[in-house]
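No value in this document is a laboratory result; all are computed from the given coordinates. All of these numbers come straight from a predicted model, not from anything done at the bench. Note that we place each Cβ from the backbone using ideal geometry, even for glycine, and neighbour counts take in every protein chain shown.
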Amino acid sequence: MRYRPAHVCAQCGEALYLPEFSEWLDSGSARHLWQCDACGYTFETTVQFAAA
């Protein structure tokens, strides 16, 4: 079975599978810090979860 990367680096196109750091912001969202091992580019994503 093949897995798709979670993200692709916007600078060099390298596949990114795991964030460097994650944190819960509140009960409905989390923030992830990504860093590309190939070129060093860093960025953040925020995930919003639907209310249960």
Practice prompt. Could you give me the residue pairs with C-beta distances under 8 Å whose first residue belongs to the range 33-52 and is acidic (D, E), whose second residue is assigned to a loop (DSSP other than H, G, I, E, B) wherever it lies, and which are 6+ apart or on separate chains?
Written response: D37/E14
Worksheet entry | Residue satisfying all of: in the range 14-37; surrounded by 13 or more Cβ atoms within 10 Å (Cβ to Cβ) and in contact with a Pro (Cβ under 7 Å, 6 or more places away or on another chain); farthest from A50 (Cα to Cα) among these | A15
